[in-house]
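Laboratory data are not the source of any read-out in this text; all were calculated from the coordinates shown. Treat the numbers as computed from the prediction; the structure is a model and nothing was measured. Cβ placement follows ideal geometry from the backbone for every residue including glycine, while neighbour counts extend to all protein chains displayed.
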Amino acid sequence: MITKATPTAANASVQERITRRAFAQAMAMIHMANNREKDLGDPKVGGHPASCASAMHILSALHLDVREPQDFVCCKPHASPVDHSLHNLMDLFRHNEHVDWFEPNPGARGDTWFTEEEAKKTMAGLRRFPTEDSPHVFQSYHARADADHFHFLPSGTVGIPPVVSGYLALAYRYAKDHGWDVPENAHFWSLIGDSEFREGSLLEAMPDLAERLLGNVTWIIDYNRQNLDGTRIPNERGLEQTDAERIEQTALANGWRVIQVRHGKLREAIFKGEGGDAIREVLERGLTDYEFQMLVLKRDADAARRVFAQKHAGTKAGMKALTDEEVLRMLLDLGGQCYDSIRDALARSREESDEPYMVIAHTLKGWGLECLADPANHSTLPKGQEIEALLGEHGLSMDDPFARFAEGTEESDFLMARRDLFRAGMDEHEALRKRNKAKVQADIAAAGPIPESLDIDLSLFPVAHTQWMWGQLAAKLVRIGSAVTDARQGHRRNDVQGAQDLTEHERRWAAAAEYVMTMSPDVGTSTNISSVLNERIYGPDREDGSIGKELEVKYKHPELVATQDAWTRHIRFEIAEANAMTAVGSFGKMAHYVGIPFFPIMTVYDFFIKRALDQLYYNLYWGAEFVVMGTPSGVTLSPEGAQHSWKSDIQIPNLITWEPLFAIEVDWILSDAIRRHMEDDNDGRRGVLIRAVTRAAKQKELLELMKTRARYKGHDAGLLAPKGAGWDGATDESTVATMPADEILAGVRADVMEGGYYLVDYRGYAGYEPGDNVVHIFAMGSLADGAVAASKALLERGIYANVIHVSSPELLFGILGHESDYRHLKEGLSIDGNLHLVPSGETDAAGLAGLAGRRVPIVAVCDGEAGLLDNIGSIVGVRQETLAVRKFSKCGRPSEVFKYQHLDADSIAEACGKVLSETALEDVRVSSTTLDRVAGSPRQAGIGDWRELWPAPVKD
Ligand SMILES: Cc1ncc(C[n+]2csc(CCOP(=O)(O)OP(=O)(O)O)c2C)c(N)n1
């Protein structure tokens with residue numbers, strides 16, 4: 001059965017011979033993955049032989065000829081076996097921090113190469129779970145954990161990695177324009193399926209990448225006219241053309257250049273013969289994609305002649321002159337599956353420096369396999385016999401399927417030359433990364449430790465909101481950073497201070513601030529960061545930019561015309577949250593790739609983060625380092641966006657979420673995030689989400705509240721009474737001196753950074769009886785003032801309601817809290833599930849004394865979904881009631897909307913009453929002798945660790 005245009009021939013080029021062996025080996029990898037031992041009921045393993053086959057020549061041409069070591073490749077996920085096979089033949093697997101899964105060693109980066117034996121084991125380990133004895137595996141799709149991940153972007157979700165690669169190209173250019181040392185001529189290749197190209201993420205990115213003149217980006221469409229569900233049937237009637245033309249026109253309309261690689265060399269030869277023009281005409285414009293697929297599937301030369309003749313009478317003679325075999329091979333001879341044709345097109349796309357390229361490679365899904373063009377072939381797995389036959393063409397068998405070419409053969413010489421080129425390039429790259437990193441570290445060391453705060457003077461802003469504070473911080477960081485860049489570049493912008501004008505404190509920030517940059521999907525000016533936009537938009541120099549100056553046009557808005565100048569710091573996006581989210585990840589990977597620790601901060605309305613959730617997930621999975629400033633957020637933005645009230649709460653590994661209340665908290669949080677990033681101290685929290693709001697808070701209230709806490713009164717304060725209460729044996733708290741403000745703030749900061757702090761804290765107050773009159777209110781962000789008001793109201797009724805502000809749900813009871821067994825919640829804030837006993841009634845006839853007990857219940861309140869704070873009670877073991885957004889919102893002032901959503905002070909107080917009442921009175925009976933014994937014995941410490949009661953299982 002004919003399944004490829006050209007039979008394996010002794011005179012095939014060396015690259016073609018290598019391609020075919022890699023193909024057989026990729027098929028063997030998938031076959032092995034699907035024929036391992038498994039338990040009854042285990043899910044299928046799968047693999048995508050047909051999709052790999054269609055990409056075979058494209059990837060071969062990249063690996064064997066076109067790609068250079070500094071380039072990046074991102075590949076449709078399910079073709080990863082092809083990349084692994086080619087890398088195996090090129091001997092490019094190496095140990096690194098992720099391959100040795102059981103001993104993760106972040107310090108070790110690619111220093112030893114695999115032995116051939118290890119490489120073979122890894123090829124046999126596609127989609128296998130690694131074990132200590134057998135650690136060598138490949139993930140199902142390209143992953144950072146793979147032994148050949150160097151400059152291959154992780155994949156899995158289609159439609160995102162190609163955009164990532166586009167913005168990595170931008171990050172390289174930004175680095176270069178800002179005076180950093182990045183590899184020259186890096187090209188960013190992406191292989192995209194034709195159905196994948198229907199993803200909105202790609203269409204969203206296309207105009208943007210072209211506008212940024214990223215000529216070092218090539219997207220290759222694997223145009224095999226099939227997707228997962230079968231043969232694609234585009235809108236031929238409406239478009240009067242195939243989807244390849246639609247793709248071409250889309251690309252052209254968006255400012256890309258396009259190369260269609262339709263035909264292989266065999267077809268080109270036929271086109272030169274009798275009726276050649278007519279045959280070409282039918283192949284290019286006469287047949288719909290579906291008709292073509294059916295002809296390929298039928299594999300019947302007479303049927304093909306007939307259909308061609310129907311489409312164009314001029315094909316009759318030419319088709320007749322061809323043998324049956326020639327007709328069939330001509331049908332299969334697509335450009336994307338002809339090594340020389342695709343290689344030439346890819347090489348051509350590399351030459352352009354200003355416009356991105358789209359290469360539409362016409363291919364066949366299932367090329368070389370019996371399932372060729374079968375609409376159901378997406379997950380077809382060739383049988384063992386077919387795999388043996390493919391391997392057999394290369395003198396291989398399933399006994400030893402992954403052998404390389406014998407030393408001294410032409411293929412081996414070719415591959416080893418490629419290996420040496422790549423290994424040298426990788427070493428060179430690593431050296432550059434280390435050089436950059438060493439320079440950054442030296443600059444940081446010279447500047448001294450990064451301060452805990454940016455010291456924004458808040459005295460003139462008694463009422464401020466957290467979004468405003470972000471604007472202040474951004475402006476300061478950018479001002480410091482660009483002053484340093486100016487100094488490094490040896491020139492100075494007229495209107496900004498130079499590095500020498502920085503204060504001592506600012507100078508300590510200088511080394512880190514240089515890497516901070518901002519991005520925003522068209523909400524920069526509405527989120528208080530206009531000052532970082534003004535004359536600081538980065539982008540290709542615009543010739544039309546000078547017209548405004550020439551005409552002396554005056555306008556209120558910041559100057560937004562982009563330049564490539566080194567003091568630029570902001571990347572401006574259209575309403576394209578997904579693009580911005582992807583870019584934030586690409587820039588945030590620059591420390592990893594080239595040792596330049598850019599720290600991108602993206603400002604986006606919190607509600608719209610979900611537009612880019614998949615991109616956010618990708619960034620976190622990939623280990624990018626960045627901040628997303630989600631602002632405004634929740635129902636606090638009710639007057640301007642009642643519809644935008646769903647808060648983006650996301651628990652994903654590697655993401656830390658913060659919700660500051662007072663402006664100074666934003667400063668601490670951001671400063672800490674920058675320090676951690678610069679000092680590589682951000683494991684498990686490389687992604688940072690800070691939610692800010694536009695509802696202002698009285699800033700002095702922070703200190704006022706802290707000053708009521710016994711903690712900040714010193715040790716000998718004795719029992720306190722609330723201000724004005726005048727209780728016997730207790731001192732009015734307002735009359736007791738407190739620690740100095742800076743010491744108090746240091747204490748608050750420490751708690752904020754651990755995830756939460758007491759805003760109202762009645763511990764140390766007279767009559768404070770946990771189990772009787774105490775309730776804990778956990779409030780997040782802007783709702784804390786309602787919680788404080790509720791606490792005041794409850795005091796009137798004899799209830800001590802402590803208020804804890806949750807600065808980071810993640811640290812307090814999310815993934816990061818879980819890691820420490822909720823240390824700060826349990827120990828730092830002393831929230832527990834203790835049963836507090838009180839006598840209940842007389843001793844009964846049996847001589848047993850009655851006791852009743854209550855635990856301290858919890859009320860939580862947040863202007864997001866209930867799940868944000870809902871698990872505190874279950875962690876400590878007490879009754880909890882959560883007030884949260886449980887219905888779509890309305891426009892109105894926050895006070896009105898909070899009431900509507902039952903988040904206001906009255907609702908909080910009511911919820912406290914509810915949990916206090918509902919907290920079960922647990923009845924305990926104790927004999928008087930036990931009571932006497934308990935009374936006389938020292939207090940026993942509780943168990944320190946649950947393992948004391950539940951020892952770990954003994955290992956064999
Ligand atoms: C976002 C996303 N949706 C769905 C999938 C599942 N999926 C994997 S491959 C595939 C079909 C891809 O078709 P195409 O892009 O034409 O590539 P081909 O396999 O035909 O080469 C689908 C739907 C995915 N990986 N990512």
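For the range 513-564, trypsin sites (Lys or Arg not before Pro) are listed when DSSP marks them as loop and at most 11 other Cβ atoms sit within 10 Å of their Cβ; the list is 554, 556.
Only bridges with both residues in the chain count here: give the DSSP antiparallel percent, nearest 5. Don't jump to the answer; show the numbers that get you there.
Numbers: 20 of 82 bridges.
Given both bridge residues lie in the chain, the antiparallel proportion sits at roughly 25 percent.
For the chain, leaving out every one of the chymotrypsin sites (Phe, Trp or Tyr not before Pro) that falls in a DSSP loop and has at most 12 other Cβ atoms within 10 Å, the longest unbroken run is 103-554.
Using a cutoff of 8 angstrom between alpha carbon atoms and counting only pairs six or more residues apart, the relative contact order for the chain works out to 10 percent.
Annotation: amide H-H contacts under 5 Å for residue 761 (H modelled 1.01 Å from N, sequence separation of 5 or more, or interchain): 803. In degrees between 0 and 90, to the nearest 10, how far off the longest principal axis of the chain does helix 289-298 point, with axes built from Cα atoms? For helix 289-298, the angle is close to 60 degrees. Computed from the C-beta positions of residue 185 and residue 652 and an R0 of 30 Å, the FRET efficiency is 0.25 to the nearest 0.05. Taking label points 7 Å from Cα along the Cα-to-Cβ direction, residue 268 and residue 284 give a separation of 1.4 nm. Against the longest principal axis of the chain, how steep is helix 161-177, in degrees 0 to 90 to the nearest 10, with axes from Cα atoms? Relative to the chain, helix 161-177 is tipped by roughly 80 degrees. Centre-to-centre, using Cα atoms only, the range 792-841 and the range 608-630 are separated by 31 Å.
Residue-normalised convex hull volume from the C-alpha trace of the chain: 220 Å³ per residue.
Going by neighbour counts of Cβ atoms within 10 Å, the residues 68, 550, 577 line up, fewest first, as 550, 68, 577. Going from the fewest other Cβ atoms within 10 Å to the most, the residues 733, 240 appear in the order 240, 733. For the modelled label position 7 Å from the Cα of residue 574 along Cα-to-Cβ, which residues of the range 528-565 have backbone nitrogen atoms closer than 18 Å? Under 18 Å, as judged by backbone N against the label point of residue 574, lie 538-540, 561-562 of the range 528-565. So what's the angle, to the nearest 10 degrees on a 0 to 90 scale, between helix 339-351 and the longest Cα principal axis of the chain? The two axes meet at around 50 degrees.
Could you let me know the centre-to-centre spacing of the range 705-733 and the range 244-285, using Cα atoms, in angstrom? Each part reduced to its Cα centre gives a spacing of 85 Å. What does the charge add up to near residue 28, with Lys and Arg as +1, Asp and Glu as -1, over the other residues with Cβ less than 14 Å from its Cβ? Summing Lys/Arg as +1 and Asp/Glu as -1 gives +3. One decimal place: the segment residue 393-residue 427 gains 8.7 nm when fully extended, by the rule 0.36 nm per residue minus the C-alpha distance. Counting only Cβ charges, +1 for Lys and Arg and -1 for Asp and Glu, the dipole size of the range 157-285 around its Cα centre is about 220 debye.
Can you give me the relative contact order of the range 387-530 as a percent, contacts being Cα pairs under 8 Å and 6 or more apart? It would help to have the intermediate numbers written out before the result.
Details: 93 pairs, mean separation 33.4, N = 144.
So the answer I get is 23 percent.
In this simple spin-label model, placing a label point 7 Å from the Cα along the Cα-to-Cβ direction at both residue 249 and residue 409 gives a separation of 4.8 nm.
Which trypsin sites (Lys or Arg not before Pro) does the range 814-922 hold that lie in a coil by DSSP with at most 12 other beta carbons within 10 Å?
Working: sites: 823, 826, 854, 855, 879, 886, 887, 890, 899, 914; in loops: 855, 879, 886, 887, 890.
In loop regions of the range 814-922 (DSSP not H, G, I, E or B), the sparsely surrounded trypsin sites (Lys or Arg not before Pro) are 886, 887.
Need one number: the % of Cα-Cα pairs in the range 241-344 sitting beyond the 15 Å mark. Don't jump to the answer; show the numbers that get you there.
Details: 3408 of 5356 pairs.
Above the 15 Å cut-off, the range 241-344 has 64 percent of its Cα pairs.
Residue exposure proxy: 199, 948, 291, ordered by other Cβ atoms within 10 angstrom of their Cβ from fewest to most, comes out as 948, 291, 199. The 3J(HN,Hα) values that the Karplus relation (6.51, -1.76, 1.60; θ = phi - 60°) gives for the range 551-556 are, in residue order, 7, 6, 6, 10, 8, 6 Hz. Gly and Pro appear as x. Each residue of the range 891-904 was assigned a 3J(HN,Hα) from its phi angle through the Karplus curve 6.51 cos²θ - 1.76 cosθ + 1.60 (θ = phi - 60°); the sequence is 6, x, 6, x, 4, 6, 6, 4, 5, 4, 8, 6, 10, 7 Hz, with glycine and proline shown as x. For the pair the range 337-388 / the range 897-928, the C-alpha centres are spaced 65 Å from each other.
Modelled spin-label separation between residue 945 and residue 704, with each label point placed 7 Å from Cα along the Cα-to-Cβ direction: 4.6 nm.
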